């Protein structure tokens, strides 16, 4: 009972009316306490039933002996990639992120659309969710009608807070807008970058965020997530905005975003000492409440692209408000942003000065 002495003050009701009588005579504070205890009880039961799916484990692809040998060598020799092991070298495909030395392009035609995809988790009654950011250049979208559709949606969205050319008169109706399945399911051309995070038995920077060939050549129509327990058939897609508008902010591609959020930790290769972008995003850093996949997507949306970190109906899956780090740009101005590190195409032993922040 919620009050041990309450029955002494109440007349015993007939048996068939006990529950109704008792609840109706409870003082308001006791009713609130009972409701709180009942709610807590059901939440505990729900979490107990869903505990095995709270930690989204990243999907591991089989590694060849050559890639395992390369990974071991790279981990023991930080800041080193030999001339024989170029960024696109076969031996380091599973360790080094693809296309790292990407240039920053400012042409309007090279603008990138920023999406959020949402998946319910298995065995959680569709009450817990996994999210990922998908960044797409215009090239994969051969359908002019779909591009025009996206352009129309952009007019309803808040521009990036990092876009200094955005007019103060730009009034937004929403931080994001849903894209209907009948639209995104037709976009099967690869070329987008999938940015996600999950738990893994590794403690190296960004090893919890897969960035292999399939992640950097992702199709918007794909239902694949970086974790194994996401329900792909129930994927939902939302548009947050565009990076690189006409005469506007500098283009941040999906590869740039990965470099920014990983901040020098390129799939277990330490490229230099840089400020942490909210977390190191190691697999062992994963926490289902305080540092999960949705914390990662909040960081990408808010601290890399300058969009809102609000998300569509995630409930208890997304309870953390991220705080972006303060960094200095080349002009000396402080920004609350995860700035994109830049590096030479090859990193030599002991040369941490090869990594700089823009």
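Readers should treat all values here as calculations from the given coordinates under stated rules, not as data from a laboratory. Being a predicted model, the structure only gives us computed values, none of them experimental. Neighbour counts run over all protein chains shown; Cβ positions are idealised from the backbone, glycine included.
Semi-axis lengths, largest first, of the ellipsoid equivalent to the range 179-225 are 26, 11, 7 Å, with √(5λ) applied to each eigenvalue of the Cα gyration tensor.
Sorting 276, 300, 339 by the number of Cβ atoms found within 10 Å of their own Cβ, with the fewest placed first, yields 276, 339, 300. If a spin label sat at a point 7 angstrom from the Cα of residue 329 along the line to its beta carbon, the backbone N atoms of the range 139-162 nearer than 14 Å would be those of 160-162.
Cβ-to-Cβ counts within 10 Å put 263, 234, 112 in ascending order as 234, 112, 263, the fewest first.
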